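Student: Structure below; questions to follow.
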Amino acid sequence: MPSDNIRVLIVDDVAETRENVRKLLQFEADVEVVGAARSGKEGIQLSQELTPDVVLMDINMPDIDGISATEIIRQKLPHVQVVILSVQGDQNYMRRAMLAGARDFLTKPPTGDDLISAIRRAGEMSRAERAKSGPVYGSTATGLPSGSVALPQLSEGKIVLVYSPKGGAGCTTIAVNLAMALHNEDTRVVLVDANLQFGDVAVFINEQGKNTILEIAPRVDELEPDVVEDILIKHEASGLRVLAAPQRPELAEKVSAEQFVKVLKYLQRMFAYVVIDTAQILNDITLSAIDISDVIVLITTQEIPAIKNSRLFLDLLHTMGIDKQRIVFIVNRFDKRIAITPERVGENLKQEVAAVIPMDEKVVIPSVNRGVPFMLDNKSQPVARGVFSLAESVRARLIAIEADSEMAGKR
Ligand SMILES: Nc1ncnc2c1ncn2[C@@H]1O[C@H](COP(=O)(O)OP(=O)(O)OP(=O)(O)O)[C@@H](O)[C@H]1O
Ligand SMILES: [Mg+2]
């Protein structure tokens, strides 16, 4: 049974500050300090473990600064409210903190009264957010009577499409593992297989032979969220949901691009992220999905044909009017012995490389053959760390895009 107290996490690299804040709060009956972190990184980790209502966040810290940590925490755990505590009272910091999703900004050292009222305001916000997001994030499969899953009034989820213009470059591998990296109980992810002829996402997670998009696409105009929940494959080990491709290639044509887009938009209302794996061929399905994606993860390898195709694809995106900011360009199967470095690839194509995922056949091939994504059981391997850093780049990009569009809206 969760307590009614406002659960607070303190994030500050200075032990004395952590102690002072703790002391200021110790006599408040409705406030409970549940933990203290010494760096931005630890703050992110403890936020996930403890799911506090309010995080009191310092700005200048050794590994990840408080503003970036705020962005990441707010992306992962939207109900957590962040109050920034900083010696810098300057406008620029305040603006950046707010753009990162901070709820409040106090200069150090705060008075007890200021601190407590900021915590109470943030605590109330957190409760309201939790109540709002309850039906979407989490509880649909855990005991709500069927039919009670209403479409929530949340802002839409984000569509992240993964594409490689060269077959076999690792598109499906990256899509599956990126979806796992983005998914958690509070931030639900659905992975959609847009390779309608030869889709293999279900094989990658060892869940073949179940429902497919054919159960959804033809009745896309009359869907109910709980029906969709039933049709999606639930990957037991992770909780990730998957919309699989048809069982046989000749069934692909039963899904039109229009239906496919409607399905994506529907899922966008149910999930925090819709991750899409695509086929190399640029058909109507893939192009219309690219069009409505928030972010496109473009994969190359260090081989000339792959780089050449990436250049052609980047040209096409430009023609389609897709902003460079929406493209997260990555190198997969990276091998440091190959002279073509990711930096050179990025310079050459005038599109910076956002993440590099190393070649690791010992980890990747068995994971594909066993149907167990390496993000589940090999998290500490360099290849998994590469995918985590890709997930961070995707989140950071989405935040930047949102901040820019908010700024544009205010102008
Ligand atoms: N970083 C990596 N290190 C080693 N092997 C990898 C890596 N990424 C992918 N692979 C391997 O490359 C092969 C192709 O991967 P995958 O099926 O993900 O590519 P794809 O681009 O989706 O291919 P397709 O064009 O068939 O859809 C797989 O056998 C996979 O194990
Ligand atoms: Mg594939």
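The values are calculated or read from the model by the stated rules, or taken from the named source; none is laboratory data. The model shown is predicted, which means the values in this text are computed figures rather than measured ones. Reconstructed Cβ throughout: ideal geometry from the backbone, glycine too, with neighbour counts over all protein chains shown. Note: areas computed on protein heavy atoms with side chains; ligands, DNA, RNA excluded. Shrake-Rupley method; radii C 1.70, N 1.55, O 1.52, S 1.80 Å.
Student: Kindly report the accessible area of the chain per residue (heavy atoms of protein chains, probe 1.4 Å, no ligands, DNA or RNA), in Å².
Tutor: Ligands and nucleic acids excluded, the figure is 46 Å² per residue.
Student: Now a separate question. Along the positive direction of the dipole of segment 158-410 (beta-carbon charges: Lys, Arg +1; Asp, Glu -1; about the Cα centre), which of Asn211, Val363, Gln280 reaches farthest?
Tutor: Toward the positive end, the furthest listed residue is Val363.
Student: May I pose another question? Assign one of three labels to segment 6-133, namely rounded, prolate or oblate, based on the Cα gyration tensor with a ≥ b ≥ c the square roots of its eigenvalues; rounded applies when a/c is under 1.5, prolate when it is not and a/b is larger than b/c, and oblate otherwise.
Tutor: rounded
Student: Cα axis of helix 171-182 to longest principal axis of the chain: angle in degrees, 0 to 90, nearest 10?
Tutor: Once rounded, the angle reads 20 degrees.
Student: Roughly how many nanometres apart are two label points built 7 Å out from the Cα toward the Cβ at Glu16 and Glu361?
Tutor: 5.8 nm
Student: Calculate how steeply helix 112-133 sits against the longest principal axis of the alpha-carbon atoms of the chain, using the helix alpha-carbon long axis, and give the answer as 0 to 90 degrees to the nearest 10.
Tutor: The two axes meet at around 30 degrees.
Student: Quick one: how many lysine pairs in segment 163-319 have C-alpha atoms under 27 angstrom apart, if they're 8 or more apart or on different chains?
Tutor: Taking segment 163-319 as the scope, the lysine pair count is 11.
Student: Taking H placed 1.01 Å from N in the peptide plane, check which residues at least 5 places from Val297 or on another chain put their amide H under 5 Å from its amide H.
Tutor: Here Leu161, Val162, Tyr163, Val328 satisfy the definition.
Student: Quick check: Cα centre of segment 57-132 to Cα centre of segment 177-219, how many Å?
Tutor: 35 Å
Student: Continuing with the same structure: Give me the extension gain from Ile322 to Glu185: residue separation times 0.36 nm, minus the current Cα-Cα distance, reported in nm with one decimal.
Tutor: Full extension of this stretch gives 46.2 nm more.
Student: Also, quick follow-up: Taking Lys362 as the anchor, which lysines have their alpha carbon closer than 20 Å to its alpha carbon, excluding any fewer than eight residues away along the same chain?
Tutor: Lys336, Lys379
Student: Next question, about the same structure. Starting from the Cα of Ile401, step 7 Å along the direction of its Cβ; do the same at Gln247; then give the gap between the two resulting points in nm.
Tutor: It works out to 3.6 nm between the two label points.
Student: Can you give me the three principal axis dimensions of the chain from its C-alpha atoms, in Å, biggest first?
Tutor: Extents along the principal axes: 68, 56, 47 Å.
Student: Ser238 to Glu352: extension gain in nm, 0.36 nm per residue of separation minus the Cα-Cα distance?
Tutor: Contour length minus Cα-Cα distance gives 37.9 nm.
Student: Which one, Thr187, Val372, Pro52, is farthest towards the positive end of the dipole of the chain when Lys and Arg carry +1 and Asp and Glu -1 on their Cβ?
Tutor: So the residue we want is Val372.
Student: Angle between the Cα long axis of helix 66-76 and the longest principal axis of the chain, 0 to 90 degrees, nearest 10?
Tutor: So the helix axis and the longest Cα principal axis differ by about 60 degrees.
Student: For a Förster distance of 35 Å, can you work out the FRET efficiency between the beta-carbons of Gln45 and Asn211, rounded to the nearest 0.05?
Tutor: 0.45
Student: Going highest first, how would you order 325-336, 18-29 by mean Cβ packing within 10 Å?
Tutor: In decreasing order of mean packing, 325-336, 18-29 become 325-336, 18-29.
Student: Taking all protein chains as present, what is the carbon and sulfur share of the accessible area of the chain, in % to the nearest whole number, probe 1.4 Å?
Tutor: 50 percent
Student: Normalised by the residues of segment 1-120, what does the relative contact order come to in percent, with Cα pairs under 8 Å and at least six apart?
Tutor: For segment 1-120, the relative contact order is 23 percent.
Student: In deg cm²/dmol and to the nearest 500, what is the mean residue ellipticity at 222 nm of the chain if only DSSP H runs of at least 4 residues count, each as -39500 (n - 2.57), divided by the residue total?
Tutor: Result for the chain: -13500 deg cm²/dmol, rounded to the nearest 500.
Student: Can you tell me the FRET efficiency between Glu258 and Arg120 if r is taken as the Cβ-Cβ distance and R0 is 41 Å, rounded to the nearest 0.05?
Tutor: 0.25
Student: Another question, if that's okay. If you take every DSSP beta bridge fully contained in the chain, what fraction is antiparallel? Give it as a percent rounded to 5.
Tutor: Given both bridge residues lie in the chain, the antiparallel proportion sits at roughly 5 percent.
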